[in-house]
Amino acid sequence: MAVENLQSPATPVEIAQRVTGLRAEIAATSSPLRLGKAAPVLVAVTKHVPEDAIRAALAAGQRVFGENRVQEAHAKWPALRQDFADVELHLIGPLQTNKVKQALALFDVIETLDRGKLAEALAREIAQNATRPPRLFVQVNTGEEAQKGGVAPADIDAFLALCRDRLGLGIEGLMCLPPADEEPALHFALLHEAARRNGLLGLSMGMSADYETALAFGASHVRIGTNIFGRRRTEGL
Ligand SMILES: *Cc1c(COP(=O)(O)O)cnc(C)c1O
């Protein structure tokens, strides 16, 4: 989909048009690499996006959203959820173990399970407080970048065994964030193969610049911010 005016925040009308357009586009895609039967899901990424813009997306029928910081989500979403009880909120940024309790209260899906300590903290919190278990994706550092979180590709199978067998965590899928300067298809292919090998149906991959490629590689969730909301007002925070 051609999107214009990405350099500034989008107007409510633009947001509604883009959400509608993207949902239609995603629904119309098919891929032989898709692992589950469900159609891919658009996760509208609202980090640094103000409430009025989020409300424009909600008014257009969008219900699945992603935030990358617990604190920011806590400031924005409880009020929005009062008006839209069927919202599904995904955490797509790093989670510190001391924020696990707050994250479980806020998010339906945690896409950034990226290390053993976090898996243990999640399992402990779920068991101790009989918290409704979140849906979980394991983040894979497909480019093995030092500054990024995620399990190394070579460790995926062992990490999944730890989560599933030893800690009793249900894992829905894998998530990745390819290096900015590399061909994303190679990373999507790696993630797809690891999910298939481990019997997982979820593949969260693809952002504004590369979601079409991700869909071709069987993405179950694409996480799109800029192509809906325009450039974030406080980029770089
Ligand atoms: C910001 C962000 C996105 C969305 O990126 P856009 O390029 O704005 O679509 C997707 N995934 C993660 C993990 C992000 O932090």
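Just so it is clear, none of the values below were taken in a lab; they were calculated from the coordinates. Given the structure is predicted, the values throughout are model-derived calculations rather than measurements. Every residue, glycine as well, gets a Cβ built from its backbone with ideal geometry; the counts of neighbours run over all protein chains shown.
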Rg and Dmax of the stretch 45-153 over Cα atoms: what are they, in angstrom?
14.5, 41
Can you pull the one-decimal nm distance between simple spin-label points at residue 131 and residue 84, each 7 Å off the Cα toward Cβ?
2.4
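Take the alpha-carbon positions of the chain, form their convex hull, and give its projected area averaged over all directions (one quarter of the hull surface) in nm². Walk me through the numbers before you get to the answer.
Details: hull surface 49.4 nm².
About 12.3 nm², averaged over all directions.
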Rank by packing, highest mean first: peptides 178-186, 37-45, with packing defined as the count of other Cβ atoms within 10 Å averaged across residues.
37-45, 178-186
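Can you give the alpha-carbon Rg of the stretch 178-231 over 2.2 N^0.38 Å, where N counts its residues?
1.14
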For the pair residue 157 and residue 74, the simple spin-label estimate (label points 7 Å beyond Cα toward Cβ) gives in nm 4.0
Give, in nm to one decimal, the length gained when the segment between residue 212 and residue 20 is fully stretched (0.36 nm per residue of separation minus the Cα-Cα distance).
67.5 nm
Considering amide H positions built from the backbone, and no H for Pro or chain starts, which residues 5 or more places from residue 112, or on another chain, come under 5 Å of its amide H?
137
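Mean shadow of the stretch 1-86, computed from the convex hull of its alpha carbons, in nm²?
On the way: hull surface 27.1 nm².
Mean orientational projected area (the stretch 1-86, Cα hull): 6.8 nm².
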Would you mind checking which residues have amide H under 5 Å from residue 174's amide H? H placed 1.01 Å from N; only 5 or more apart, or other chain.
138, 202, 203, 204
Quick check: Cα centre of the stretch 144-169 to Cα centre of the stretch 57-97, how many Å?
25
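Please tell me the relative contact order of the stretch 95-146 in percent, rounded to the nearest whole number, where contacts are Cα pairs under 8 Å and at least six residues apart.
Relative contact order here is 44 percent.
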